[in-house]
Amino acid sequence: MKLRFATVALLAGTAALAACKKEPPESLPPEPAPTTSAPTGPTQPAGPVLGTQAHFENAVNGQNVIYFDTDRYNIDSADMAALQTQAQYLAQHPNISITIEGHADERGTREYNLALGERRANAAKNYLVSLGVAASRIRTVSYGKERPVALGSNEAAWAQNRRAVSVVVN
Amino acid sequence: MKPILALFTLALAAAPAAAQDAPPTPSASDLGTPVPTGGQVETIEHAEAEEGGLTFTVTDESEWQDLGIAIPGFATDRDAPTPANASGTAALGRELARVVYNDLKNNGLFRPVGPDALPQPTFTQITAPNWPTWSSRGAEMLVHGYVRARGDGKLVVGCYLYDMALKSELVREGWVVPPADWRRAAHKCADLVYSRLSGEDPFFDSRIAYIAETGPKDNRVKRLAIMDSDGANHRFITTGRSTALTPRYSPDYRRLLYLSYVDGNPRIYVYDIGSGRQTLVTENSNPTFAPRWSPDGRWILYSMAVGGNTDIYRVSSEGGPSVRLTNAPGIDIGGSYSPDGSKIVFESDRSGSQQVYVMNADGSNQRRLTFFGGRAATPEWSPRGDQIAFTRIAGDFNIAVMSPEGRNLRTLTNGWQDEAPTWSPNGRIIQFFRTERGSGRTSLWQVDLTGRNERRLPTPVDASDPAWGPILP
């Protein structure tokens, strides 16, 4: 994510990779790991490859995650800015589809949090669609409170876990 | 006691057809080897005890809970080999008494004394107790039992309850069980004793489905598992490759509803225990949550999110079209039928935060029940009909009960996060799961309606989402 080597030339050279598709995972997907090695070509500079999560996160400057207040799912101004950046990326790369993962913090009941995560993911999706991204390019999935990123039991950790994460489908 | 044979026959006639009608199971699978469904328990004697043995009433549970009960080892006519115990029926008799003793002791019921602290009666003494032996030990009630290996390999287990003051028999019953189901005979004996002395319905001969959890907080493995009400006969249903959540036993114990991420999305599956096959509760690309059975097993409630808006739907347990029951904007989720099937209590945030609502079974006449301050979630109607248990969120998360009219709130627990109540078959005990602050570790607990008797249930690993089934058919 910290690498900033992406260039237009690299994007053009690797656009074909975006067509690569895999079956949906049988289990929960692992945390996205940055892919830093370009596949082939001695003339290509190193850097995230188009179609990877690392390329997406790099291009949107880490704004692939938006955060929510307790028990809320509204898109605030910070979320709008992040989603606008995501929409620009998706406009530049029309072959890329994303999954928006909706999450909740641990301070909620399990079933409600599943529904709340779905609502958050859809709020993010709806905003992207309003910015012109085709709905068919955005899948949503809720993990409720089952997949925290911050492990503490305090307000700071919960704030990080109330999130919607955009993930490139590859 | 219930007519067990008749119930079992009914259950057979209602064998599920959904598995044949539904499309094939998705190619991805998280299922382990199918578990045995268990055999048949046949009641051989049904001695109606005369009323009058009771010398007290049950208005205050503390009175009967202080009763001293002696439970010596069950006797056998001759020590015969049996698959149920490597040491034969004499050793099995002591094991049977231990199960009865632990059932009563672990649930805070009575003051039982078990076979390891008592002399062993002979086979003939089972029907003619040696009164001085037991009265000298201060016992107020005496449980005797026998076990006999029958010619066809099955076990015959008899259970007798005597009142020491009256020196008379209060109740007796006997069962024929396959050797693999010997513990069920002991649970039935504990149920017989408990029911006769408390005036309540039985609950020990039942099973629990739950989610077994392992691994670190940010990478928990969650597997569907089942066990007897005392934790014995534990089995994993899923392998843990996919997250499984929120199981519910069908009333006939032949199927399990649960949520699985096996295809990458949260979806409710109907798992057939006998065949080990499973099908989606609804053929649909939308996520589905919070599965529930109707008390008669004919209907399934599930909640489905469409465009981020979650509503409650009902579908026949044999498949077919779904009926949408709620249509308020926001999250309507869960649902628990009243015992007569006429009403459904459910959770909704239509008012701005999670609260408990009730509606008729067809979705009409929806109204809010909880006005206590804080939030109210995961309502579960008692099988007796007289209480609704729910998760009360007011700072911490705790298990509470209220009347079906939303009055007489009583909070029963005081953990940091206690949630997801499930009722014992007789509506006297509530299980729930407790999450530990910080570590996120989970465990199963139960509490009685007085709130005084709270205990942790032993599970092999961390545990959540308990779902207590009814008395076994």
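Assorted remarks:
- Calculated FRET efficiency for the pair B:Ala165/B:Asn130, C-beta based, R₀ 22 Å, to 0.05: 0.85
- Distance in nm between pseudo-label sites at B:Arg298 and A:Gln92 (7 Å out along the Cβ direction from Cα): 6.1
- Per-pair calculated FRET efficiency, R0 = 25 Å: A:Asp76 and A:Asn154 via Cβ, rounded to 0.05: 0.70
- Rounded to the nearest whole angstrom, the semi-axes of the ellipsoid equivalent to the range B:434-473, taken from the Cα gyration tensor as √(5λ), stand at 21, 15, 8, largest first.
- Extent along principal axes [Cα atoms of the range A:67-165; Å; largest to smallest]: 40, 23, 19
- Prolate/oblate/rounded label for the range B:116-165 (Cα gyration tensor, a/c 1.5): prolate
- Fully extended contour minus Cα-Cα distance, from B:Asp116 to B:Ser403, at 0.36 nm per residue: 99.1 nm
- Stokes-Einstein D (µm²/s) once Rh is taken as the Kirkwood radius of the range B:368-473 over alpha-carbon pairs, at 20 °C in 1.002 mPa s: 155
- The stretch between B:Asn414 and B:Ser353 holds 19.8 nm of extra length on full extension. This uses 0.36 nm per residue minus the Cα-Cα distance.
- Rounded to two decimals, the Cα radius of gyration of chain B over 2.2 N^0.38 Å is 1.01.
- Chain B - percent relative contact order, Cα under 8 Å, separation 6 or more: 12
- Annotation for B:Asn219 and A:Ser136: the two label points, set 7 Å from Cα along the Cα-Cβ direction, are 3.7 nm apart.
- Structural size metrics of the protein assembly as shown, computed from C-alpha coordinates, are Rg and Dmax of 28.1, 99 Å.
- Kirkwood hydrodynamic radius over Cα pairs of the range B:206-296, then Stokes diffusion coefficient at 10 °C and 1.306 mPa s, in µm²/s: 117
- In terms of other Cβ atoms within 10 Å, B:Cys189, B:Cys159 run from fewest to most in the order B:Cys159, B:Cys189.
- Going from the fewest other Cβ atoms within 10 Å to the most, the residues B:Phe346, B:Phe236, B:Phe289, B:Phe204 appear in the order B:Phe236, B:Phe346, B:Phe289, B:Phe204.
- Sites listed here are trypsin sites (Lys or Arg not before Pro) in the range B:229-332 whose DSSP assignment is loop and whose Cβ has at most 15 other Cβ atoms within 10 Å: B:Arg298.
- The range B:449-473 and the range B:302-333: distance between their alpha carbon centers, rounded to Å: 28
- FRET E, pair A:Gln84, B:Thr450, Förster distance 41 Å, beta-carbon r, rounded to 0.05: 0.10
- Among B:Lys167, B:Lys343, A:Lys125, a tally of other beta-carbon atoms within 10 Å of each Cβ gives an order, fewest to most, of B:Lys167, B:Lys343, A:Lys125.
- 3J(HN,Hα) couplings calculated from phi for the range B:427-436 with the Karplus curve 6.51 cos²θ - 1.76 cosθ + 1.60 (θ = phi - 60°) are, in sequence order, x, 10, 10, 10, 9, 7, 10, 10, 9, 7 Hz; Gly and Pro show x.
- The range B:304-333 residues near the modelled B:Glu283 label - backbone nitrogen below 17 Å, point 7 Å along Cα→Cβ: B:315-323
- Taking only the C-alpha atoms of the range B:179-338, the Rg (one decimal) and the largest Cα-Cα distance, Dmax (whole number), read 17.6, 54 Å.
- Amide H contacts of B:Arg111 (H built 1.01 Å from N, in plane; Pro and chain starts excluded): B:Leu67, B:Gly68, B:Ile69 sit under 5 Å, all sequence-distant by 5 or more or on other chains.
- On full extension, the segment bounded by B:Val35 and B:Thr239 gains 72.2 nm, given 0.36 nm per residue less the C-alpha separation.
- Local net charge near B:Met304, Cβ-Cβ under 14 Å (Lys/Arg +1, Asp/Glu -1): 0
Just so you know, all these numbers are worked out from the coordinates, no wet-lab data involved. On a predicted model such as this, the values are computed, not experimentally measured, just so you know. Note that we place each Cβ from the backbone using ideal geometry, even for glycine, and neighbour counts take in every protein chain shown.
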